[in-house]
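The values are calculated or read from the model by the stated rules, or taken from the named source; none is laboratory data. Computed from a predicted model, the values in this text were never measured in an experiment. Every residue, glycine as well, gets a Cβ built from its backbone with ideal geometry; the counts of neighbours run over all protein chains shown. We work out accessible area using only protein heavy atoms, side chains counted, and drop any ligands, DNA or RNA first. Shrake-Rupley method; radii C 1.70, N 1.55, O 1.52, S 1.80 Å.
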Amino acid sequence: MEALLTRHHDATTPLNLTAYQAIGGYCSLSAAFDLKPEKIIETVEAADLRGRGGAGFSCGLKWRLRGADAPSPRYLICNLDESEPGTFKDRYLLYGGPHQIIEAVIVSAYALQAERAFIFVRGEYAKGGNSLYQAIQEAETAGLLGPSICGSGFNLQIEVHLSGGRYICGEETAQINAIEGKRPNPRPKIPRPSTHGLWGQPTTTNNVETLVNIPHILLNGADWFRSLGVNGGCGPKLFCVSGKVRHSGLFELPCGTPARELIFGHARGLDAGRTLLGFLPGGASTAFLLPEHLDLPMDFDPVAKAGSRLGTGSLIVLDDSTCPVEFTLNLMRFFARESCGFCTPCRDGLPYLAQILNAIASGEGHADDLALLDELCATIASQSFCAFAPGAVMPLISSIQCFHTHYEQHVTNGHCPFDTTT
């Protein structure tokens, strides 16, 4: 498949406005302004574009649920707070094409009739945030942003919000609190941000990879977009592959590309003499898949049917030299540290899981620890306030199921079976 979202990322520096327009940049604005907002939403829904930030919810349906009669002012948030371990796709979009993001936000804001948009950028991506500032200034000077864009009568202000740098800020309502200058704790599920978001007004949040597909859908149509996928997938997908592979990297491929092609084709497989132990298909907060799943299409529904989540489409690969217990412990330490501390099951439960897991990994575990971990994970996942903790315990639950023998060996032998010095 010819690169679409990353077609200009080979440049040593991000394209300025002139260079971006030379490859067709901002052409979608006139196409959008010739249509009624409702027609754009219908087209996006027909394209079956699903959220690329992790949830995989229909973008068009999400826009429609906000309602055409939502009161003003309305807001759009472009989520670029990429903090999921193993995920680096949004960084490529930010550093490689800031004008691509600006164009996508303008078209999406018009469809939603949002008067103000925010691009929420991970704090560690400060340099990319500066590129966005420059792109916004260029677009405003050219009349592509601001009052009555291209004479359309549509007004839009875009602001860049640089995050303070916490994983929880990627959660939709925590992100809204952060933009408002509050502590980024998640909000109750009701009322929804679509009706009561930023400053109590209708707010729509989409991942940046989701939004950069919108201009292409408008220019080429819903059928064209769906045809870019394979094995039932729709459109292009940015896949990250890292871990025990010979060529870690970002690959733009058809949504639905099998895991085998990603790992053993584009990422060039494992080191000589090594075999695949397992992999996380969608970043750190997804469940492990095994070698038997290599031919599984990397698309939302097939991965869910296999018991995991496509998430961000970021594969983390383990070979037979990797201790799955140590690997999972590393993830649990991260999630325990990144809890916002709002609810007890997450705030106290995740560090307790890490403590038990550390004892097992150190050879100091007990025979009943595995049952205790299962019980705690079930309690934490069901009793926590937001989706953070259920996602955090997902790799642990699946790790115990997939690699139970390795856990038992740690407990029975009193040391890690991968430790060759013992």
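Mind grabbing the accessible area of residue 242 for me, 1.4 Å probe, Å², rounded to tens?
Near enough 20 Å² of accessible area.
With the contact rule set at Cα under 8 Å and sequence spacing of 6 or more, what percent relative contact order holds for the range 1-112?
43 percent
Between residue 130 and residue 304, what length in nm is gained on full extension when 0.36 nm per residue of separation is reduced by their alpha carbon distance?
Gain on extension, residue 130 to residue 304, equals 58.9 nm.
At 1.4 Å probe size, put 407, 167 in order of accessible surface, largest to smallest.
Of 407, 167, the descending order of accessible area is 167, 407.
For the chain, take the longest principal axis of its alpha carbons; what is the angle in degrees between that and the long axis of helix 37-46, to the nearest 10 within 0 to 90?
40 degrees
Would you grab the residues whose amide H sits under 5 Å from the one on residue 243? Only those 5+ places off in sequence or on another chain, please, with H modelled 1.01 Å from N.
For residue 243, the qualifying residues are 317.
Just to confirm the number: angle between the C-alpha axis of helix 324-338 and the first principal axis of the chain, 0 to 90 degrees, nearest 10?
50 degrees
Can you spot the aspartates and glutamates whose alpha carbon is less than 12 Å from residue 89's alpha carbon? Ignore those fewer than 8 places along the same chain.
81, 209, 252
With a 1.4 Å probe and all protein chains in place, put 39, 127 in order of accessible area, largest first.
127, 39
Over the range 46-130, give the accessible area per residue in Å² for a 1.4 Å probe, as an integer.
Ligands and nucleic acids excluded, the result is 30 Å² per residue.
What percentage of the solvent-accessible surface of the range 172-299, computed with a 1.4 Å probe over protein heavy atoms, is contributed by carbon and sulfur atoms?
In the range 172-299, the share of accessible area belonging to carbon and sulfur is 50 percent.
Run the numbers for residue 46 and residue 408: contour at 0.36 nm per residue of separation, minus the present Cα-Cα distance, in nm.
125.4 nm
Quick check for you: with a 1.4 Å probe and neighbouring chains kept, what is the accessible area per residue of the range 132-224, in Å²?
With the other protein chains kept in place, the range 132-224 gives 43 Å² per residue.
At a probe radius of 1.4 Å, what is the per-residue accessible area of residue 140, in Å² to the nearest 10?
Residue 140 has an accessible surface of roughly 90 Å² with all protein chains in place.
In Å², and per residue, what accessible area does the range 276-422 have when probed at 1.4 Å with the other protein chains present?
Averaged over the residues of the range 276-422, the accessible area is 40 Å².
Hey, can you grab everything whose amide H is under 5 Å from the amide H of residue 50? Only 5+ residues off in sequence or another chain; H modelled, so Pro and N-termini drop out.
Those lying under 5 Å, H to H, from residue 50 are 59.
Rounded, prolate or oblate for the range 225-289? Axes are the square roots of the Cα gyration tensor eigenvalues, ordered a ≥ b ≥ c, and the cut-off for rounded is a/c under 1.5.
Note, shape of the range 225-289 comes out prolate.
Go through the range 304-316 residue by residue and turn each phi into a ³J(HN,Hα) via Karplus (6.51, -1.76, 1.60, θ = phi - 60°); whole Hz please, and just put x for glycine and proline.
Those phi angles translate into 5, 5, 7, x, 10, 9, 5, x, 8, x, 10, 7, 10 Hz.
Give the long-range amide H neighbours of residue 116: residues separated by 5 or more places, or on another chain, with amide H under 5 Å away, using H modelled in the peptide plane at 1.01 Å from N.
Sorted by chain and number, the residues that satisfy this are 74, 76, 157.
What's the angle, to the nearest 10 degrees (0 to 90), between helix 369-383's Cα axis and the longest principal axis of the chain?
Between the helix axis and the principal axis of the chain, the angle is about 30 degrees.
At 7 Å along Cα-to-Cβ for each site, give me the label-to-label distance between residue 35 and residue 183 in nm.
My value for the distance between the label points is 4.4 nm.
Taking a cut-off of 17 Å between Cα atoms, list the lysines near residue 189, but don't count ones fewer than 8 places away on the same chain.
62
Over the range 81-213, what is the relative contact order in whole percent, taking alpha-carbon pairs under 8 Å and six or more residues apart?
25 percent
State, to one decimal in nm, how far the label point of residue 294 lies from the label point of residue 227, with both points 7 Å from Cα in the Cβ direction.
3.3 nm
Order 396, 228, 35 by their accessible area, 1.4 angstrom probe, all chains in place, largest first.
Reading off the accessible areas and sorting them downward yields 35, 228, 396.
I need the semi-axes of the equivalent ellipsoid of the range 305-422: take the C-alpha gyration tensor, multiply each eigenvalue by 5, square-root it, list largest first in whole angstrom.
Equivalent-ellipsoid dimensions as semi-axes: 24, 17, 12 Å.
Normalised by the number of residues in the chain, what is the relative contact order in percent for Cα pairs under 8 Å and 6+ residues apart?
This gives 15 percent for the chain.
Could you go through the range 107-124 in sequence order and give the Karplus-derived ³J(HN,Hα) for each residue, using 6.51 cos²θ - 1.76 cosθ + 1.60 with θ = phi - 60°, rounded to whole Hz, and x for Gly and Pro?
5, 5, 5, 5, 4, 8, 6, 8, 8, 8, 10, 10, 10, 8, 10, 3, x, 6
Expected output is a single nm value to one decimal: the length gained when fully extending between residue 362 and residue 219, i.e. 0.36 nm times separation in residues minus the C-alpha distance. What is it?
Full-extension gain reported as 45.8 nm.
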